[in-house]
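To keep things clear, I will list the structure first and then write my remarks on it.
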Amino acid sequence: MDWADSPEQAAFRTDVRQFIKDRLPGRYRDMKDTGSENAGWQADRKSSNPEANQAAKDWATALAERGWIAPHWPKEYGGAGLTTIEQFIYNQEMAEAQAPPVGGMGVSLLGPTLIVHGNPEQKAEHLPKILSGEVAWAQGYSEPGAGSDLASLQTRAVKDGDEYVINGQKIWTSGAQYSDWLFALVRTDPEAPKHRGISFLMMDRTTPGLTVRPLTDMGWAQPFNETFFEDVRVPAKNLVGEENRGWYVGMTLLDFERSGISGAISHRRNIRDLIEFAKTDEGKARSRLGEFTTLRHEVADRHIETEILFNFAFRIVSMQARGLVPNYEASMNKMYGSELAQRVSRTGTKVFGLFSTIWQDQQKWGEQNAPYSAMGSRFTHLYVRTVPLTILSGSNEIQRNVIATRGLGLPRG
Amino acid sequence: MDLGLTETQELLKNAARDFLENECPEQLVRDMEEDEKGYSPDLWGKMAEQGWQGLLIPDTYGGAGFDFLDLCVLLEEFGRALVPGPFMSTVFGGAIPIMQIGSEAQKQEFLPKIASGDLIFTLALTEPSARFDESGIQTQAAVSGNEVTFTGTKLFVPDANVADYLIVAGRSGAGVTLGIVATDQPGVEVTQLVTIARDKQAEVKLNGAKGQLLGTDGGGWAALQPVLQHYTVGECAYLVGLSQMDFEISVDYAKERVQFGRPIGSFQAIQHKCADMVTDVDGSRFIMYKAAWSLNTDQADKQMAVNMAKAWTSEATRRVVAHGQQIHGGIGFTKDYKIQLYYRRQKRAELAFGDADHHRELVAQQLGI
């Protein structure tokens, strides 16, 4: 067991750090962390603010020079072909620097899926545009009636000549309002068993009949959308894999680093920043750490728990580096990390007592409240923004089911 | 970066598991609860033949020269098998302090005999105040040349009933001072305590007990820190193995026990407990090994790593054994069924060298809050 970098790993880490130091645009470097949704590459490239546009472009250009927009893709497809450990170090350093990832769902999901299941024409058409940052993708899987039971999805696609005609509705389509293309799971055979009548389709977001309507979440942000399909006609050549095999295309276990290290890094940063703030004069006036030993211990516990999450991430990447495929371990990371995120935010709000009721949001409401907020209301924002983490990407109840049945071999209920 | 075991560690683990399944069955564990000595000299001798008491001891002193991570791999297996007896007392309370602070003569006198299984040691640290900090050491130490004489009461001393030597922490004019004290002298009076795990702990009254000075007069507390760090992580390793086994027994039971016409393990209420158990066990294992690695490689933040490991492991393993009892239902509460053996022993190790509250406070202090 070894928690240290090998000399090669250390050299790669230095390389990534230096690159970030040299090339990360000032906009991302100086961003104050308030726990609100930080401006990301996807929003910036469509923003009306020219400085944001330029930053998104510069950062994408810098990364593209190194093949680091998609560091986990094979070199032949324009990635950097990094090993899992190198991907891990890359992700770790980018998260430490709070550098925004470029490419979104195109890089993380669609590209790797096309590399495995796409035909040569599809690869040639779509992969370069993902890598150049020209096209942003959004994912249409969930539906109002298909959440945890995703395979019960009902959005219908009917073949008509060399087109599919799509009718139905998707929900939680993250970032669809900033996207250019969507990939979606649609039902092509309603008679077949539910997993065997689904197909994987790609479509231009501007196709007539396709409407994206942002949903406002409980923290006044708009991270996701409802997407409506009314006789949306999509060329049949946009089918990925075989018709009715879309479930398996969508669920392909993609072979790249899946440790979830960035969560551990952000929890630890939040705790560290909380402790540093509490030492300042302003912090002393807001914090109750000096008053209650129970609160000091609670903060200590959160710090220890981030250590657990770091180790879970290291475990996953160690397994992958040894050629093993993580099984229940990935579910454990998701479950533990999301619950920890909620605990960290809860502890933070406890530390600041009544001041944690203040919701400071300069963009929406200006400087109002600012004198009374603690750390720009970071933990108050997180207290709201971490709510969906135990629900999305497979609720934690589903994750525990997976650990118990797939991991421990307990019989299915 | 690699969180897997080395080939040597895999071999050690498998050899230990096979050996202990044969040599340390459940019946022996039960017998030793009632046994006056609390250990099997036969098993003790066979363990020495395996090279375990001397695992960490350099080969120049008759040991096997393995490192601390290897020892933790072995201790996980000890926790799994609930090995009774003075192994940890001897290794952590004898071999390690002598290796770290003993004179050359002391190393030559004691280490080979520890490795061969001929000597049993224990650390006489805590007193009726039950404190783990320096202020807890009130036993008087009078130093004269290389000899030190102790007077006072030590409490919760593990395996003192069978130890040949105690390493005693006392207080002289110069501060905390350590000595190696033979138990076969009139100034040492050992009274056994009855404990929750039926392990052998004792009250040890020292009345002018004489021994060799270990380290320097007044240098004892500083010298003890690495000893306590290693001992604490050793207890964590034992807890990891113990909770892993409790968890495995409970999952097996959930697969077999049928109610309402189906195995109870098919109910999500049970499944989710099992998912939480494996999370706690895995979390304990890695934070323990991280602390062991930090000690092994002398990391700057090793003290913090140790405190975090014991804070977490103490509570996580308690959650595991509590779930284990609940999954078993009524049968788990009976003496005849094995799961209770783990439940009772978890509490001893949870409290040894500070529970979660103790270590969490130290973590908070090191975080600067």
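The values are calculated or read from the model by the stated rules, or taken from the named source; none is laboratory data. What you see is a predicted model, and the numbers here were worked out from it, not measured in a lab. In this analysis, Cβ positions are derived from the backbone assuming ideal geometry, glycine residues included, and neighbour counts consider all displayed protein chains. Side chains included, ligands, DNA and RNA excluded: accessible areas come from the protein's heavy atoms. Shrake-Rupley method; radii C 1.70, N 1.55, O 1.52, S 1.80 Å.
Numbers for the structure displayed
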item: Hey, B:Thr279 touching a residue at least 24 places away in the same chain (Cβ under 8 Å) and buried (at least 21 other Cβ atoms within 10 Å of the Cβ) or not; result: no
item: Scan of the stretch B:119-177 for residues that are assigned to a loop (DSSP other than H, G, I, E, B) and among the polar types (S, T, N, Q), ordered by number; result: B:Thr126, B:Ser129, B:Gln138, B:Thr139, B:Asn146, B:Asn161
item: Every residue from the stretch B:251-273 that is among the β-branched types (Val, Ile, Thr) and either outside any helix (DSSP H, G or I) or at the interface with chain A (Cβ under 9 Å from one of its Cβ atoms) (or both); result: B:Val251, B:Val258, B:Ile270
item: Those residues of the stretch B:230-286 which are of a type in the set (Asp, Glu) and more than 14 Å from B:Arg319 (Cα to Cα), in sequence order; result: B:Glu235, B:Glu248, B:Asp252, B:Glu256
item: The stretch B:354-369 residues that are in contact (Cβ under 8 Å) with a residue 40 or more places away in the chain, paired with ones that are assigned to a helix (DSSP H, G or I) and hydroxyl-bearing (Ser, Thr, Tyr) (beta carbon under 7 Å, 6 or more apart); result: B:Asp355/B:Ser314; B:Ala356/B:Ser314
item: Failed condition for B:Arg344, given (1) more than 10 Å from every other protein chain (Cβ to nearest Cβ); (2) surrounded by 20 or more Cβ atoms within 10 Å (Cβ to Cβ); result: (2)
item: Subset of the stretch B:87-108 (residues that are over 13 Å from the mean Cα position of the chain (by Cα) and either of a type in the set (A, V, I, L, M) or assigned to a helix (DSSP H, G or I) (or both)); result: B:Ala95, B:Pro97, B:Ile98, B:Met99, B:Gln100, B:Ile101, B:Glu104, B:Ala105, B:Gln106, B:Lys107, B:Gln108
item: Pick from the stretch B:136-162, criterion open to solvent by less than 10 Å² (accessible area, probe 1.4 Å) and either modelled with pLDDT under 95 or under 25 Å from B:Thr195 (Cα atoms) (or both), ranking: nearest to the chain's Cα centre (by Cα); result: B:Val157
item: Odd one out for A:Gly219, checked against (1) open to solvent by 40 Å² or more (accessible area, probe 1.4 Å); (2) within 30 Å of A:Gln360 (Cα to Cα); (3) in a loop (DSSP other than H, G, I, E, B); result: (1)
item: Options B:Leu228, B:Leu214; residue that is touching a strand residue (DSSP E or B) at 6+ places or on another chain (Cβ under 7 Å) and touching a residue at least 12 places away in the same chain (Cβ under 8 Å); result: B:Leu214
item: Hits in the stretch B:188-200 (condition: open to solvent by less than 30 Å² (accessible area, probe 1.4 Å), touching a residue at least 24 places away in the same chain (Cβ under 8 Å) and not hydroxyl-bearing (Ser, Thr, Tyr)); result: B:Ala197, B:Lys200
item: Counted residues, the stretch B:196-238 - those being touching a Phe, Trp or Tyr at 6+ places or on another chain (Cβ under 9 Å) and within 30 Å of B:Gly283 (Cβ to Cβ); result: 12
item: Single unsatisfied condition, A:Arg412 versus (1) in the same structural domain as A:Val299 (by TED's automatic domain parsing); (2) among the charged types (D, E, K, R); (3) assigned to a loop (DSSP other than H, G, I, E, B); result: (1)
item: Among the residues listed as A:Gly283, A:Gly323, A:Gly290, A:Gly246, the single one being assigned by TED's automatic domain parsing to the domain that holds A:Thr216 and either farther than 30 Å from A:Thr155 by Cβ or open to solvent by less than 30 Å² (accessible area, probe 1.4 Å) (or both); result: A:Gly246
item: Considering residues of the stretch B:216-254 that are surrounded by fewer than 17 Cβ atoms within 10 Å (Cβ to Cβ) and under 22 Å from B:Leu341 (Cα atoms) only, the residue farthest from the chain's Cα centre (by Cα); result: B:Asp252
item: Per-region count, the stretch A:273-300, residues in contact (Cβ under 8 Å) with a residue 40 or more places away in the chain and either at the interface with another protein chain (Cβ under 8 Å from one of its Cβ atoms) or aliphatic (A, V, I, L, M) (or both); result: 5
item: Selection status of B:Ala292, within 14 Å of chain A (Cβ to nearest Cβ) and touching a helix residue (DSSP H, G or I) at 6+ places or on another chain (Cβ under 6 Å); result: yes
item: Residue within the stretch A:383-403 that is away from chain B (no Cβ under 14 Å), open to solvent by less than 40 Å² (accessible area, probe 1.4 Å) and in contact with a helix residue (DSSP H, G or I) (Cβ under 6 Å, 6 or more places away or on another chain) present; result: yes
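Okay, residues lined up against (1) under 23 Å from B:Glu248 (Cβ atoms); (2) modelled with pLDDT under 95; (3) of a type outside the set (D, E, K, R):
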residue	(1), (2), (3)
A:Gly323	no, yes, yes
A:Tyr336	yes, no, yes
A:Gln342	no, no, yes
A:Thr347	no, no, yes
A:Gly366	no, yes, yes
A:Pro371	no, yes, yes
A:Phe379	no, no, yes
A:Val387	no, no, yes
A:Thr390	no, no, yes
